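Quick notes on the structure that follows.
The values are calculated or read from the model by the stated rules, or taken from the named source; none is laboratory data. Bear in mind that the values here come from a model prediction, so they are computed numbers and not experimental data. No Cβ is skipped: glycine too gets one built from the backbone with ideal geometry, and neighbour counts run over all protein chains shown.
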Amino acid sequence: MVFLCNTVGNDYVYDANKNITNIQYNYLNLPTQVTINGQHIMYTYDATGTKLRKTVNGVTTDYAKGGALKKQFATVFSERASWRVAYENNVLQFFSQPEGYFEPSSPPSGELVGAYVYQYKDHLGNIRLSYSDKNNDGIILASSDPNTNEIVEENNYYPFGLEHKGYNANINGRHHKYMFGGKEQQDELGLNWYDITDRNYDPALGRWMNLDPLAEKMRRHSPYNYAFDNPIFFIDADGMSPIASLRNGEQLSQKSIDNSAFGGNQISGGAAYSVAAGRAPGEYDVDKNTGQIQKVSDKGGDKTDYFNVGTTNSEGKFVTDQTITTERGTGTINSFRFTDTDQSTTSAFIIPQAGGKDITGFFLEPAGPSTSVANQDKRIPEGTFNIENYSSDKYPSNFRLYNSDVSKSRKILLHTGNYPSNTEGCLLCGKSFKKNFVGSSVNKFGEIKGFLNSTGAENVKFNIFNVIPDEGKK
């Protein structure tokens, strides 16, 4: 589909899928050859999927790391060796610099001579304005005279990345193809995709052209959706998973975006829907029928966590009944009781972590009703509890919960075990659950213990919430 704006006549012109007749993919599901009207665009990647070369219409574009260019022009190149560098038919075209890019004025042979082009980006990282101080007077002149005009290029976009047409189309110099999201537009043969590292994106459709490599982590969404269908707030730095463009109302720095993008990091453990690990968490859906905790956004930044408690309807849509808000502080363990029997109560828990993957799992407790009275073999009341290190002959290197209603003398512990008979009034942790049972208790306790030891148990709050539907027995 071709979208024409601000023109006379039809704004929409449809074609037969851009006249693409064939696409060949490699084992990473990346295209190696795209055939359009009998012509080919050829791509070469390294083993990790990084694009190394593109060939079309006799022009070969090589993409190199900054280090290669540094060896050639060491006197002008910074230590940052990860910037974009592009050659066409072995001739250097440009390399990135912190505020834009450097473009040689002629094929370099010794001393590198050219112009620094600076770029203004919006909060989504889209390149909106490129300019160059040609006469080095410290003033950028916008003029209709191409000899004095210092505005190189202006770009405006619809939310999903399609360019506005019909105005500000003049390019004063070389067209720089890195535009929407700061990514390369592949306009050869009318393809008009954006290369966003791990996938290709079509802004005319607002959809990816490759299956989501992390589709199993985001089962509530189409594996081809872009930015959770909310491109005003979310960006996708590498095609793996969207991230919030704003945090606590402030624009993310490029460093934050770079750190948030996947680089071998793991997805939040146990979550069926997650954004990139290593970023500050914020908003989760808690399904009180299944105990599944799914991350949905970075709404709360690194200070507040929002838990939308509800159920998933027959259409697969999550319906929120209530939202629970907790303050992060140094650390929290948030436990949601979602099912009970005459023998036990099962909770789903999550430990949100700003610097690493969230820890999730399940707790098995005694059956209800909740009570603060000792020696009843019943679960403790809902509320916020302090945590301290506890050790005894039977339970060495464990942890005890207490607050003003539940005294330390009750010895409510976090420890290992699988069945109601193991609880002794305490909380058993596990990786999985079924009726009156939690599994992989030792491994899950090890994860919790590692978090509490590294954070300091006394610095962590334990929140217990009851979201059991109508206190029904299951």
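Computed values, structure above
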quantity: Criterion: modelled with pLDDT of 90 or more and closer than 29 Å to residue 404 by Cβ - qualifying residue of 468, 464; calculated: 464
quantity: Strands (runs of 3 or more DSSP E) contained entirely in segment 323-378, each with at least 2 residues that are hydrophobic (A, V, I, L, M, F, W, C) and surrounded by fewer than 17 Cβ atoms within 10 Å (Cβ to Cβ); calculated: none
quantity: Qualifying residue in segment 8-19 (condition: at pLDDT below 90 and in contact with an Asp or Glu (Cβ under 7 Å, 6 or more places away or on another chain)); calculated: no
quantity: Filtered residues of segment 37-52 (kept if surrounded by 14 or more Cβ atoms within 10 Å (Cβ to Cβ) and assigned to a strand (DSSP E or B)); calculated: 40, 41, 42, 43, 44, 45, 51
quantity: Lone qualifier among 258, 302, 298 - being modelled with pLDDT of 70 or more and either among the hydroxyl-bearing types (Ser, Thr, Tyr) or in the same structural domain as residue 455 (by TED's automatic domain parsing) (or both); calculated: 298
quantity: Residue that is modelled with pLDDT of 85 or more and of a type in the set (Gly, Ala, Ser), where the choices are 239, 249; calculated: 239
quantity: Any hit, segment 433-446, residues being at pLDDT below 90 and either outside any strand (DSSP E or B) or over 24 Å from residue 381 (Cβ atoms) (or both); calculated: no
quantity: Filtered residue count, segment 399-458, keeping only those that are farther than 18 Å from residue 345 by Cβ, of a type in the set (Gly, Ala, Ser) and over 34 Å from the mean Cα position of the chain (by Cα); calculated: 3
quantity: From the options 464, 412, residue that is β-branched (Val, Ile, Thr), out of contact with any Phe, Trp or Tyr (no Cβ under 6 Å at 6 or more places or on another chain) and closer than 24 Å to residue 290 by Cβ; calculated: 464
quantity: Unique residue being of a type outside the set (Val, Ile, Thr), closer than 30 Å to residue 311 by Cβ and either at pLDDT 90 or above or not assigned by TED's automatic domain parsing to the domain that holds residue 323 (or both) when the list is 398, 418, 386; calculated: 418
quantity: Hits in segment 340-361 - residues which are out of contact with any Leu (no Cβ under 9 Å at 6 or more places or on another chain) and under 19 Å from residue 424 (Cα atoms); calculated: 340, 341, 342, 343
quantity: Filter result for residue 454 (of a type outside the set (Lys, Arg) and in a loop (DSSP other than H, G, I, E, B)); calculated: no
quantity: Of all residues making up segment 381-403, the number that are touching a Phe, Trp or Tyr at 6+ places or on another chain (Cβ under 8 Å) and under 17 Å from residue 446 (Cα atoms); calculated: 7
quantity: Boolean, residue 306 is in contact with a strand residue (DSSP E or B) (Cβ under 6 Å, 6 or more places away or on another chain), assigned to a loop (DSSP other than H, G, I, E, B) and aromatic (Phe, Trp, Tyr); calculated: no
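So that you can scan it fast, the table gives a plain yes or no per residue for (1) within 20 Å of the chain's Cα centre (by Cα); (2) of a type in the set (Gly, Ala, Ser); (3) buried (at least 17 other Cβ atoms within 10 Å of the Cβ):
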{"site": "140", "(1), (2), (3)": "no, no, no"}
{"site": "146", "(1), (2), (3)": "no, no, no"}
{"site": "151", "(1), (2), (3)": "no, no, yes"}
{"site": "183", "(1), (2), (3)": "yes, no, yes"}
{"site": "200", "(1), (2), (3)": "yes, no, yes"}
{"site": "215", "(1), (2), (3)": "yes, yes, no"}
{"site": "226", "(1), (2), (3)": "yes, no, yes"}
{"site": "235", "(1), (2), (3)": "yes, no, yes"}
{"site": "238", "(1), (2), (3)": "yes, no, yes"}
